[in-house]
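Notes follow the structure.
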Amino acid sequence: MSTELKPAEPDTLWTISNIITLVRICLVPVFVIALITPWPDWFGIDSVSSTTKSLIAAFIFILISCTDWLDGYLARSRGEVTNFGKFMDPLADKILVCAALLALVELKVLPSWPVLIILAREFIVSGIRMVAADKGVVIAASWYGKAKTVTQIIAIVLFIVKDSILPVNSANPIDNPLYVLSWVVMLAALALTIISMMDYFVKARHLLGFSSDKSDGGAASAPASDSNEDIARRVIERASSANKTIACAESLTGGLIAGTLTAIPGSSRVVRGGIVSYVNDVKRKELGVDETLLEREGAVCEEVARQMAAGVRQGIGTDIAVAVTGIAGPGGEEPGKPVGTVWAACATESGCEATCFHFEGDRQEVRHATVREALRMIEAALS
């Protein structure tokens, strides 16, 4: 079995994406100064009211937050993903959010207990990820974590401007609609903060010793913290017990799915073969993918994945077949199909299921994640 070489990182750390990340971090003190200090008085700018000062601070915060998407996009699209960027990008997010929350506490705009919950979550999740990394397991960020970040940012902006945009001449803060809205969004952010933390606990429960059973009999509930080898072992065991056979049609993974399966002892009773259809001609000639479809939609689409799975299942003659096609990067993105877009399909006697994934990371990480999801689809078909 050949060893795949990992693509080299860019020769310099001074990529555009890394520079943007560093600028984001450098702008955090600027935001804090703009928010909590009487800087208009320092410079004798009488025309800047407290309302204007809050709006300026909110604008700086929004600007920094928006660049979070930009640096990640540039790193992936330009093939400039570095270990430095992978470390600093999430760190920059945490520095910004924590600085904003602490500044709001300093201004007595926000009580300390929501900040305590958010900071505790960040420390706990960071610890879980460190344990997982030490064991060679990557716990992917979930929808909960992304929603948590967005709602936290919105809540912070609302707390910054709530007394500036709609000042209310009333001793009761409930009379201010922005006050009510800011707390509704903050409570939603806190709920997502706790849910996302529990999601990490569930995914890493085996790593943390909360469960000794690594195979609970249900493919759909396979822990996300399991390695690809763990999932492949379960697939081979279940397929052997059910007397089922498997085939693979692979594009971006180049044989990694079949390689992961056949690395498990006893796989010869299950895995009949596979086809690496890296170019469209092979997809068309060996798997029967429609040429017109390839010309019209390209190789990365749902129907191509379905036809690949059906073609390899029929051609090799197996009970189950999985197929993957996608863009591993660093180049190759298409309109509406960024780097990390992957279509996977699993064909069985009862039909064919296809799913679109959007993975983040460098080429190796996208390929690794694709193998993982393909194995999980096979496991689900065996349940």
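The values are calculated or read from the model by the stated rules, or taken from the named source; none is laboratory data. The structure presented is a predicted model; accordingly, all values stated were derived computationally and were not measured. Positions of Cβ are backbone-derived with ideal geometry, glycine not excepted, and every protein chain shown enters the neighbour counts.
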Condition check: of a type outside the set (D, E, K, R), at negative phi and touching a residue at least 24 places away in the same chain (Cβ under 8 Å). Does Leu293 satisfy that?
no
Could you look through the range 306-332, keep only residues that are closer than 25 Å to Arg78 by Cβ and in contact with an Asp or Glu (Cβ under 8 Å, 6 or more places away or on another chain), and pick out the one that is modelled with the lowest pLDDT?
Pro330
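May I ask you to verify whether Glu106 is within 19 Å of Trp183 (Cα to Cα) and touching a helix residue (DSSP H, G or I) at 6+ places or on another chain (Cβ under 6 Å)? So that I can check it myself, show each step before the final result.
Values: within 19 Å of Trp183 (Cα to Cα): yes; touching a helix residue (DSSP H, G or I) at 6+ places or on another chain (Cβ under 6 Å): yes.
The answer is yes for Glu106.
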So which residues in the range 236-256 are of a type in the set (D, E, K, R) and assigned to a helix (DSSP H, G or I), if there are any at all?
Glu237, Arg238
Condition check for Gly259: of a type outside the set (S, T, N, Q), surrounded by fewer than 15 Cβ atoms within 10 Å (Cβ to Cβ) and either part of a loop (DSSP other than H, G, I, E, B) or touching a residue at least 40 places away in the same chain (Cβ under 8 Å) (or both):
no
If you take the residues of the range 354-368 that are of a type outside the set (Lys, Arg) and outside any strand (DSSP E or B), which of them is surrounded by the fewest Cβ atoms within 10 Å (Cβ to Cβ)?
Gln364
Quick check: is even one residue across the range 276-291 assigned to a strand (DSSP E or B) and either more than 22 Å from the chain's Cα centre (by Cα) or in the same structural domain as Phe359 (by TED's automatic domain parsing) (or both)?
yes
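One line per residue, one yes/no per condition, for (1) farther than 14 Å from Ile246 by Cβ; (2) β-branched (Val, Ile, Thr); (3) in the same structural domain as Ile236 (by TED's automatic domain parsing):
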residue	(1), (2), (3)
Ile316	no, yes, yes
Ala328	yes, no, yes
Gly340	yes, no, yes
Cys346	no, no, yes
Cys352	yes, no, yes
Phe357	yes, no, yes
Arg367	yes, no, yes
Glu373	yes, no, yes
Arg376	no, no, yes
If I filter the range 68-83 for residues that are modelled with pLDDT of 85 or more, crowded, with 16+ Cβ neighbours inside 10 Å, within 30 Å of Ala328 (Cβ to Cβ) and not assigned by TED's automatic domain parsing to the domain that holds Ile327, do I get at least one hit?
no
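Would you point out the residue of the range 296-345, among those that are in a strand (DSSP E or B), free of Cβ contacts under 8 Å to residues at least 60 places away in the same chain and out of contact with any Ser or Thr (no Cβ under 9 Å at 6 or more places or on another chain), that is surrounded by the fewest Cβ atoms within 10 Å (Cβ to Cβ)?
Filtering the range 296-345 for residues that are in a strand (DSSP E or B), free of Cβ contacts under 8 Å to residues at least 60 places away in the same chain and out of contact with any Ser or Thr (no Cβ under 9 Å at 6 or more places or on another chain), the one surrounded by the fewest Cβ atoms within 10 Å (Cβ to Cβ) comes out as Lys337.
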Could you please tell me which pairs satisfy a Cβ distance under 6 Å, a separation of 6+ or placement on different chains, a first residue in the range 84-109 that is free of Cβ contacts under 8 Å to residues at least 40 places away in the same chain, and a second residue that is surrounded by fewer than 16 Cβ atoms within 10 Å (Cβ to Cβ) and among the polar types (S, T, N, Q)?
Val105/Ser112
